[in-house]
Amino acid sequence: MKIVAFGGSNSQHSINKHFATYAASLFENAEVEVLDLNDFAMPLFSVDLEKEIGQHELAKAFLKKIESADVLVVSLAENNGNYSAAFKNLFDWCSRITKEVFQQKPMLLLATSPGPRGGASVLEIANNALPRYGAQIKGTYSLPTFNANFDLVQNKISNTELDKELKDIIKACL
């Protein structure tokens, strides 16, 4: 089984990328490919620019990565209660190529943030919206207060209760 995982942020120190990487590592017998949204940085989408340059090659490359997956592990960053601009821009470019951006792939949808709500707002938005774009969401999980509950040195959830919750969701996804 191949898992494609990514954090929905272009931060070089993305806590959501750390979280997605950890969650993907919990799947047994899986090959994991972790994507960095910085590898898919494109100009701000507009229909005028699309008319001028056509479908962006990086959007096509991202869609090929999604196509190669058996399972997607996505952890979205929350910026002012919504998607990060980097994720939204990539999503916009891709959705102009195909409405089925996530290609009916099973998805574990995650979010985390430094705050106690753990990206709950963006998780709710994505859980409602992404299925219309081909995401087969099998489970969702919000990790609250990232800095207190995640050990960056060991790259894992340090709170055993929260770690068990995530592991139970992953087992239920299979």
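Bear in mind that the values in this text are calculations on the coordinates, not laboratory data. For clarity, every value in this text was computed on a predicted model and none was experimentally measured. Neighbour counts are summed over all protein chains in view; Cβ atoms, including those assigned to glycine, are modelled from backbone coordinates with ideal geometry.
A count restricted to region 81-121 and to residues that are without any contact (Cβ under 8 Å) to a residue 40 or more places away in the chain and part of a loop (DSSP other than H, G, I, E, B) stands at 10. For VAL32, are the conditions met, namely being surrounded by fewer than 21 Cβ atoms within 10 Å (Cβ to Cβ), among the hydrophobic types (A, V, I, L, M, F, W, C), under 22 Å from LEU109 (Cβ atoms) and touching a Ser or Thr at 6+ places or on another chain (Cβ under 9 Å)? Against the criterion (surrounded by fewer than 21 Cβ atoms within 10 Å (Cβ to Cβ), among the hydrophobic types (A, V, I, L, M, F, W, C), under 22 Å from LEU109 (Cβ atoms) and touching a Ser or Thr at 6+ places or on another chain (Cβ under 9 Å)), VAL32 qualifies.
When region 10-49 is examined, which residues are found to be over 14 Å from the mean Cα position of the chain (by Cα) and over 17 Å from ALA69 (Cα atoms)? GLN12, HIS13, ASP39, ALA41, MET42, PRO43, LEU44, PHE45, SER46, VAL47, ASP48, LEU49, listed by residue number. Take the conditions out of contact with any helix residue (DSSP H, G or I) (no Cβ under 6 Å at 6 or more places or on another chain) and not acidic (Asp, Glu) and apply them to GLY115. Does it pass? Spelling it out, GLY115 is indeed out of contact with any helix residue (DSSP H, G or I) (no Cβ under 6 Å at 6 or more places or on another chain) and not acidic (Asp, Glu). Number of residues in region 142-171 that are over 13 Å from SER113 (Cβ atoms) and free of Cβ contacts under 8 Å to residues at least 60 places away in the same chain: the value is 13. If the condition is being assigned to a strand (DSSP E or B) and free of Cβ contacts under 8 Å to residues at least 40 places away in the same chain, then region 122-137 contributes GLN136, ILE137. Scanning region 138-165 for residues that are over 18 Å from the mean Cα position of the chain (by Cα) and in a helix (DSSP H, G or I) gives ASN147, ALA148, ASN149, THR160, GLU161, LEU162, ASP163, LYS164, GLU165. Considering the conditions (1) in contact with a helix residue (DSSP H, G or I) (Cβ under 8 Å, 6 or more places away or on another chain); (2) crowded, with 22+ Cβ neighbours inside 10 Å, GLY81 is excluded by exactly one of them, (2).
Inspect region 92-112 for any residue being touching a helix residue (DSSP H, G or I) at 6+ places or on another chain (Cβ under 9 Å), surrounded by 17 or more Cβ atoms within 10 Å (Cβ to Cβ), farther than 22 Å from ASP39 by Cβ and of a type in the set (Gly, Ala, Ser) and give the result as yes or no. Within region 92-112 (the criterion being touching a helix residue (DSSP H, G or I) at 6+ places or on another chain (Cβ under 9 Å), surrounded by 17 or more Cβ atoms within 10 Å (Cβ to Cβ), farther than 22 Å from ASP39 by Cβ and of a type in the set (Gly, Ala, Ser)), the answer is no, since none of the residues qualifies.
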